[in-house]
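Structure first, commentary second.
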Amino acid sequence: IDIKDFKTINSIYGNQYGDTIIKIIGDALKQVDASIALMARFSGNEFAVWITGLDDETLTRRLNLYKAMVIQSLHDHDLDHKLDFFVSCSVYPDFGKTFEDCYQQANIAMQYAKQDNANHIVMYESRMFQSLEREADIRNHASYGIANNEFYLCYQKKVDCRTGHVVGFESLARWDSKELGPISPGVFIPIFTKSNFISEFTEHIVCKALDDFPR
């Protein structure tokens, strides 16, 4: 369970206000019977819950109940600042055999919750790990791709509809990776943007376009 936009709350209202929110949430979660669920604050604005013996539907209801309980507790303390939470979970033993496995998978699901700004509970699925693994492979091969000239440009005509004359070209980046095969720009550009590789990539592509420009 991760508080949405907690850094922004600290920046606007101050760390003391943020600490008060954390304490109220912690006190609220401590009211849950330990025989039903174990609660812990893991770091910063992140809390974890370990629940046993529930099917997925009942688990979802229980987690939503905890969210409502925390929000009510904040209201009772006259802190009506609108808070929302990212919630992710992993189910044992479907995907993990150890606590470390479950925690890692819940973290992966949390990345997806934050990426999609999800308002629902995000359950871990094996495709999530495969997707992150694929992203890591693409990031790791990007610099090699530039160094070995794996990126190339395709040019698309821009035509004046009135005259039918070609008035320019649009350059479209393509990547044929020696190790990973052809990768769509719809896949690699968002990954480069997230990893801050986009500046180096953009410079490389602009230079290639200028090299192709007739002098």
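The values are calculated or read from the model by the stated rules, or taken from the named source; none is laboratory data. Remember, it's a predicted structure, so these values are computed and weren't measured experimentally. Neighbour counts are summed over all protein chains in view; Cβ atoms, including those assigned to glycine, are modelled from backbone coordinates with ideal geometry. The protein model used for the area step is the full one, side chains on, heavy atoms only, and it has no ligands, DNA or RNA in it. Shrake-Rupley method; radii C 1.70, N 1.55, O 1.52, S 1.80 Å.
Before moving on, here are some points about what is shown:
- The residue that is least open to solvent (accessible area, probe 1.4 Å), among those in segment 119-164 that are within 30 Å of LYS67 (Cα to Cα) and assigned to a strand (DSSP E or B), is VAL122.
- Extreme residue, surrounded by the fewest Cβ atoms within 10 Å (Cβ to Cβ), among residues of segment 47-68 that are polar (S, T, N, Q) and either touching a residue at least 40 places away in the same chain (Cβ under 8 Å) or touching a strand residue (DSSP E or B) at 6+ places or on another chain (Cβ under 8 Å) (or both): ASN64
- Restricting ALA109, ALA113 to those that are closer than 24 Å to ARG61 by Cα, touching a residue at least 24 places away in the same chain (Cβ under 8 Å), outside any loop (DSSP other than H, G, I, E, B) and touching a Ser or Thr at 6+ places or on another chain (Cβ under 6 Å) reduces the list to ALA113.
- Restricted to segment 72-84, and to residues there that are open to solvent by less than 100 Å² (accessible area, probe 1.4 Å) and not in a helix (DSSP H, G or I), the residue that is farthest from ASP5 (Cα to Cα) is LEU79.
- Restricting LYS4, LYS23 to those that are more than 22 Å from SER131 (Cβ to Cβ) and touching an Asp or Glu at 6+ places or on another chain (Cβ under 6 Å) reduces the list to LYS4.
- Some residue of segment 85-103 being open to solvent by 90 Å² or more (accessible area, probe 1.4 Å) and within 16 Å of the chain's Cα centre (by Cα): no
- Qualifying positions in segment 197-215 - open to solvent by 70 Å² or more (accessible area, probe 1.4 Å) and not in a loop (DSSP other than H, G, I, E, B): SER199, GLU200, GLU203, VAL206, LEU210, ASP211, ASP212
- Evaluated against (1) assigned to a helix (DSSP H, G or I); (2) more than 21 Å from the chain's Cα centre (by Cα), THR8 falls short on exactly one condition, (2).
- The set of residues in segment 165-179 that are closer than 18 Å to HIS141 by Cα, surrounded by 12 or more Cβ atoms within 10 Å (Cβ to Cβ) and out of contact with any Gly (no Cβ under 8 Å at 6 or more places or on another chain) comprises ALA173, ARG174, ASP176.
- Close pairs from segment 145-163: first of a type in the set (Val, Ile, Thr), partner open to solvent by 100 Å² or more (accessible area, probe 1.4 Å), Cβ under 9 Å, at least 6 apart: VAL159/HIS165; VAL159/VAL167
- When GLY26 is tested against (1) open to solvent by less than 80 Å² (accessible area, probe 1.4 Å); (2) closer than 21 Å to HIS120 by Cα; (3) not β-branched (Val, Ile, Thr), only condition (2) is not met.
- Looking across segment 180-196 at every residue that is part of a loop (DSSP other than H, G, I, E, B) and at pLDDT 90 or above, the one that is nearest to ASP137 (Cα to Cα) is identified as LEU180.
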